[in-house]
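Down below is the structure, laid out as structure tokens.
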Amino acid sequence: QQQVKQSPQSLIVQKGGIPIINCAYENTAFDYFPWYQQFPGKGPALLIAIRPDVSEKKEGRFTISFNKSAKQFSLHIMDSQPGDSATYFCAADQGGGSQGNLIFGKGTKLSVKP
Amino acid sequence: NAGVMQNPRHLVRRRGQEARLRCSPMKGHSHVYWYRQLPEEGLKFMVYLQKENIIDESGMPKERFSAEFPKEGPSILRIQQVVRGDSAAYFCASSSQFRQSSYEQYFGPGTRLTVT
């Protein structure tokens with residue numbers, strides 16, 4: 001049973017485009033939603049994260065939009081560059097300060113063409 | 001380098017042997033998590049530890065897998081009598097003990113286990 005559904009599985013955009021990756025969750029107890037970027041052969045790197053009390057968060061070229069009622073959140077990458085080509089994972093955490101069980105989506109492989 | 005350290009980076013074992021994977025958390029972090037990643041898949045939680053305590057092992061297979069985080073030294077994920085299905089990338093993550101930032105997990109480079 002997958003608790004975090006991520007789409008699309010792969011995405012190709014031109015340099016300068018704005019790729020959008022979507023995630024949906026089921027468990028309303030989730031209260032922390034991070035995004036990770038992973039390059040081949042490397043560990044996931046924390047990009048940006050959001051909590052349900054805000055609808056949007058920006059850090060540099062990365063923006064998370066959050067829709068609590070729809071139980072959905074998405075990652076937007078502004079002015080995408082070839083160096084952004086990587087696999088992106090959304091995740092969710094039930095948290096509460098005592099749990100660390102991040103539930104990951106299956107990932108989106110992004111390719112940014114020059 | 002103050003990041004999460006894992007070793008070895010690559011490990012090859014024959015079926016039936018034991019695999020030991022090590023993880024040193026980021027400086028100042030006292031929480032350690034282990035995840036497994038199969039090819040083309042997301043990460044699956046295995047176990048969450050604090051010093052000398054297993055907090056949540058709900059993702060650990062019931063047999064052959066164990067984890068520890070001793071008072072001194074790195075966290076160890078041990079897989080006994082490995083089988084081909086154990087071939088995967090194993091990632092360790094760490095987080096701070098302080099509640100405000102305790103959600104942020106930082107990952108190491110992983111250990112790629114191949115069972116032949």
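Some points to look at:
- Top-ranked residue of the range A:10-37 - restricted to ones that are among the polar types (S, T, N, Q) and at pLDDT 95 or above, ranked as nearest to A:V112 (Cα to Cα): A:Q14
- The set of residues from the range B:4-38 being within 14 Å of another protein chain (Cβ to nearest Cβ), under 18 Å from B:E72 (Cα atoms) and not hydrophobic (A, V, I, L, M, F, W, C) comprises B:Q6, B:N7, B:S24, B:P25, B:H29, B:S30, B:H31, B:Y33.
- Filter pass, A:R61 being over 30 Å from B:P8 (Cα atoms) and within 14 Å of chain B (Cβ to nearest Cβ): no
- From B:S30, B:S66, B:S75, residue being touching a Cys at 6+ places or on another chain (Cβ under 6 Å) and farther than 19 Å from A:F104 by Cβ: B:S75
- Sub-8 Å Cβ pairs linking a first residue in the range B:65-88 that is in contact (Cβ under 8 Å) with a residue 40 or more places away in the chain to a second residue that is acidic (D, E) and assigned to a strand (DSSP E or B), at least 6 apart or interchain, are B:S75/B:E68; B:I76/B:E68; B:R78/B:E68, ordered by first then second residue.
The values are calculated or read from the model by the stated rules, or taken from the named source; none is laboratory data. None of these values were measured; they are calculated from a predicted model. In this analysis, Cβ positions are derived from the backbone assuming ideal geometry, glycine residues included, and neighbour counts consider all displayed protein chains.
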